[in-house]
Amino acid sequence: MRHLVLLLSALLALPAAAQLPQRDLVLELREIEEVGGGYVVGTRPQAPLMAPQQLQVRNGSQARLSFAQTTPLQWVQSVQAAGAMTGAGVQQGLIWLQAGQSLQLRPRWPGGGQPATVEVEVQTASVQQQPGQALPTQERSALATTVQAPLGQWVTMARSGRSTPAGSYSSDAATQRPRLLQLRVTAP
């Protein structure tokens, strides 16, 4: 019991030192192409970059950004033949399939010149056609990480694609210029 009282008194002393400043933070996200020395030539257009996003969120609170598409899928569940006292009937079903990504961000900034710690969670949903099956399947995945972001500086959170070596030319269809997903935290 004595240890519990000491532990509780130590925990009660912590919140004053661990309080986050009560203010709003601005989170900015952008996707950029990494500058390289090589060149890629192709006839297929590259996927467009994500438009820059800006969110304002309370220090310590969570912000959510979603890029999703919801599609209705209607199908025939059963068919009933006409009977002596009833007519023919068709029973249909409806489900909604969602594809896209959502990004959840929770910044914690202790104040002063300290960097912000940002908890990042990415959830992805995709719809996969199944040949020979009545309905497509839906796949989901999630990723969570934590990023240290000095205030006012762009920090790279993710990188995709592959670099073309400096001074070279390529027509490889699988080669895509590397893209960077970056985050900047500011305290206005």
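Values in this text are rule-based calculations from the coordinates and carry no lab data. Since the model is a prediction, treat every value here as computed from it, not as a measurement. With ideal geometry, Cβ positions are generated from the backbone for all residues, glycine too; neighbour counts draw on all protein chains shown.
Rounded to 0.05, the FRET efficiency of the residue 79 and residue 141 pair, given R0 = 41 Å and the Cβ-Cβ distance, is 0.65. Applying the Karplus relation 6.51 cos²θ - 1.76 cosθ + 1.60 with θ = phi - 60° to segment 106-114 yields 3J(HN,Hα) values of 10, x, 10, 10, x, x, x, x, 6 Hz, where x marks Gly and Pro. Model label sites at residue 128 and residue 159, defined 7 Å from Cα along the beta-carbon direction, differ in position by 2.9 nm.
Count Lys and Arg as plus one, Asp and Glu as minus one, and take only other residues whose Cβ is under 15 Å from that of residue 64; the net charge is then 0.
Put in order of Cβ neighbour count within 10 Å, fewest first, the listed residues 124, 156 become 156, 124. As a proxy for reagent exposure, 25, 49 were ordered by neighbouring Cβ count within 10 angstrom, fewest first; the result is 49, 25. Each label point was placed 7 Å from the Cα along the Cα-to-Cβ direction; for residue 33 and residue 90 their separation is 4.8 nm.
Can you sort 95, 32 by how many other beta carbons sit within 10 Å, fewest first? List each step's numbers first, then the result.
Details: 95 12, 32 15.
Arranged by neighbour count, lowest to highest, 95, 32 become 95, 32.
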